[in-house]
1. Calculate for the chain the 222 nm mean residue ellipticity that helices alone would give, adding -39,500 (n - 2.57) per DSSP H run of length 4 or more and normalising by residue count, nearest 500 deg cm²/dmol.
2. Got the relative contact order for region 78-230 handy, in percent, Cα pairs under 8 Å and 6 or more residues apart?
3. Would you tally the net charge around Cys392, using a Cβ to Cβ cut-off of less than 12 Å, leaving Cys392 out, and scoring K and R as +1, D and E as -1?
4. What order do you get for 385-391, 143-149 when each peptide is scored by the mean count of other beta carbon atoms within 10 Å, highest first?
5. What is the Cα convex hull volume of the chain when expressed per residue in Å³?
6. Which one, Leu272, Ala344, Ala108, projects farthest toward the positive side of the charge dipole computed for the chain from Cβ point charges (K/R +1, D/E -1)?
7. Over the chain, calculate the relative contact order: mean separation of alpha carbon pairs under 8 Å at least 6 apart, over the residue count, as a percent.
8. Net charge near Ile137, counting Lys/Arg +1 and Asp/Glu -1 over other residues with Cβ under 13 Å of its Cβ?
Amino acid sequence: MFCYQCEQAAQGTGCTKIGVCGKQPDVAALQDLLVHQLKGIGYWGNLARQQGKKDAAIDRFLIDGLFTTVTNVDFDPAAIVKILQHGDKIRAQAQALAGAAANAPEAATFALAADQAGMVRQGEAHGLTTFAVDADIKSIREIIVYGLKGMAAYADHALILGYEDETIYAYLHKALASLSDDKLGLMDYVGLAMECGKVNLTTMGLLDKAHTDKYGHPVPTKVQLGTKKGKAILVSGHDLKMLEELLKQTEGQGVNIYTHGEMIPAHGYPGLKKYTHLAGNFGGAWQDQAKEFVDFPGSIIFNTNCIQRPAEAYKDRLFTWGLVQWPDVEHIGGWDFSAVIKKAQELPGFDEAPGKEILVGFGHNAVLGVADKVIAAVQAGQIKHFFLIGGCDGAKSGRNYYTEFAEKVPKDCVILTLACGKYRFNKLDFGDIGGIPRLLDVGQCNDAYSAIQIALALAGAFKCDVNALPLSMILSWYEQKAVVILLTLLSLGIKNIKLGPTLPAFISPNVLNFLVQNFNIGPIGTAEGDLKQILGAAA
Ligand code: SF4
Ligand code: SF3
């Protein structure tokens, strides 16, 4: 196997024997084959679309297929085999829609093996190390693949709430088709990568609309970190609709629901916080789950990334839902959570133990609702600078940088944060500036959309370019959603981003040079040095 799609790639170059994430070689091969198959479906789908023909089943399969291959989502070979078999039918459907083509690539025509072992062999023959292309082309093609995976995750959450957008599907087909087109050069792919960023802004906007139409705009809300007496279920992932259904099915049953990781912003939505048994938030960052879940006295369910190898101590009370799967962990296929609730009722649950409270719910509507106050504070010199410290968390020790950075941000600066990296500092007290909290939790990673809306509104108010705002972006990446968000920021022309904890292994030196020259993107240094550089330059 060879995989370098996430930040924890072994030795900073790639996982070759087994994934640091726990991905086994057979799963890696099956996922490589799925990506290969998706390129073929995209080829036919794109051709069909050029003739004005499309099919919702084909479009939706692209989303499921891509999201399945995101880091820490699907570790179950049997589940991926089923997806590949379904994909084979979808490919035939797409081919029938497109009609004959003279030079269809192999990805669009191969015959899927009959069994899992055969599929694994096919996947091995289409792994990254088999790509005979120039290093820069390979790099930029992979950037697009990872961008598509991240975008598909957001499109999936929107789709689950009934929201779709034709722009997304058209781009997915075009981009997947481009990946087997050897006539395209580096700059063609750079254009497609920037378009990926733009289309992802549309996707995150669609998800924002889906969330806010359905659950209202998030409002500043205190989240309890302690526990309530009663049975308990922990929900990890990103999907709000799944949480809502579970809240409905547990109402009045003496079972409290706790959020984990990227589910914490759920507490800010009026349509979800109205459930009084949405009791609080449990645990820290996703990479601490194996240690922390042992102490959770109820059932636990994952609705998206990031699942890790479950410890035996809690495996029998762990469930997966949606596209997440782990071998031998009970999977909930639809919307009936009675097995999860039944398990919670058999377990001891929590005693009453109130704890600290932290604030969430600073989406664009809440922040822009007090924009006048914020602008006045900037003009009066009370707020000197804004830092967006956001992105994914991970296990590497270099990630202490983000805690240190947040702690060292001067008292006259405001920190905006989003995604799961905030668990490095969201329980610290930052105080406020004239009633404006110094730490504003904007939400999940997809709520980067909110942060962008806030930045654009501030730029409008100050009549300047976003790059001229007293705003710096200090980002952490781990998986492919972070890749697509980065592409979105670049597609908006946002410069001077600091990225860590390390730069992606899949960026070739020439592609990196391009990014540095055009966007002045750079690696994080030390918290103190970077702060000095940013605030010195801003002074
Ligand atoms: Fe390694 Fe990350 Fe790929 Fe897992 S997803 S195999 S950790 S590079
Ligand atoms: Fe986190 Fe896995 Fe990326 Fe949604 S939950 S941001 S890492």
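1. Calculated mean residue ellipticity at 222 nm is -14500 deg cm²/dmol.
2. With pairs under 8 Å counted, the relative contact order is 25 percent.
3. Here the count lands on +1.
4. 143-149, 385-391
5. Dividing the Cα hull volume of the chain by its residues yields 139 Å³.
6. In the chain, that residue is Leu272.
7. It rounds to 17 percent for the chain.
8. Around Ile137, the surrounding residues sum to -3.
The values are calculated or read from the model by the stated rules, or taken from the named source; none is laboratory data. Please read these numbers as outputs of a predicted model, since none were measured by experiment. Note that we place each Cβ from the backbone using ideal geometry, even for glycine, and neighbour counts take in every protein chain shown. Ligands, DNA and RNA are excluded from the accessible area calculation, which covers all protein heavy atoms including side chains. Shrake-Rupley method; radii C 1.70, N 1.55, O 1.52, S 1.80 Å.
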